[in-house]
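Colleague: Pasting a structure below so you can have a look.
No lab work stands behind these numbers, since they all come straight from the coordinates. Quick caveat: nothing in here was measured; it's all calculated off a predicted structure. As a convention, Cβ positions derive from the backbone with ideal geometry for all residues, glycine included, and neighbour counts pool all protein chains shown.
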Amino acid sequence: MKISVTALTFASVVGFAAGFAPNAVPKTATSLSMANYPEVNGWTADPDKFCAGLPGSVAPFGEFDPLGLTSKFSVEEIKRYRESEVTHGRVAMLASLGYLVGESFHPFFGGVVTGPANSQLQQVEEIAPGFFIALTVAIGAAELYRAKTGWNPPPKVGSLLRRVVIPFDCFNIGML
């Protein structure tokens, strides 16, 4: 199945623009349904709404949960899954960007690593064998810091999230 460049570009632009369209449904909250949940970044959890009222339902998918998985989760579980979703999405976006940039820009290792991105990891392994060990330690330290900052220790009862975690927020800008 071939997809034309024009159709793919059009679909990308429409999808991107839909993410910034205003929500047509007015937000209403009652004091009874919002009593136990604080407002965080302009959002207050509502257990009666889809996904506890978290933003993210956009056209054409709307409330996309075909198996009804979120209907049986608590607000805390939904927030935990959202944190995981946003973290993995941001890492995937950075990986995609790194893959594309690595094809034409080679500032590391003295410009010795060249060629298609698929073969660059083998070249790095030959040039600097300790690089992947250092990279693994750095990623582990970042994940440990994220876990210590945003999560309660496992033996505690109740919420696992310590506070509202904004995943992969290196500069602490607070946008979700």
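Colleague: List the residues, sorted by chain then number, that are 5 or more residues from TRP151 or on another chain and whose placed amide H is less than 5 Å from its amide H.
Modeller: Counting only residues 5 or more places away or on other chains, the set is ARG162.
Colleague: Here is a further query. Suppose the chain between GLU63 and PHE108 were pulled fully straight at 0.36 nm per residue; how much longer would it get relative to their current alpha carbon spacing?
Modeller: Working: separation 45, 0.36 × 45 = 16.20 nm, distance 4.39 nm.
So the chain would gain 11.8 nm between GLU63 and PHE108.
Colleague: Next question, about the same structure. Could you give me the ³J(HN,Hα) list for the stretch 96-102, computed from phi with Karplus coefficients 6.51, -1.76, 1.60 and θ = phi - 60°, whole Hz, x at Gly and Pro?
Modeller: Rounded to whole hertz, the list is 5, 4, x, 5, 5, 5, x.
Colleague: Contour minus end-to-end for PHE73 and LEU121, with contour as 0.36 nm per residue of separation and end-to-end as the Cα-Cα distance?
Modeller: Values: separation 48, 0.36 × 48 = 17.28 nm, distance 4.05 nm.
Additional length available on full extension: 13.2 nm.
Colleague: Sticking with the crude label model, points 7 Å out along Cα→Cβ, report the distance from ARG146 to TYR81 in nm, one decimal please.
Modeller: The two pseudo-label positions are separated by 1.9 nm.
Colleague: Based on the Cβ-Cβ distance from GLU39 to TYR99, what FRET efficiency comes out when R0 is 45 Å, to the nearest 0.05?
Modeller: My answer for the efficiency is 0.70.
Colleague: May I ask you to sort LYS148, LYS72 by Cβ crowding, counting other Cβ atoms within 10 Å and putting the fewest first?
Modeller: Values: LYS148 10, LYS72 7.
If I rank by nearby Cβ atoms, fewest first, I get LYS72, LYS148.
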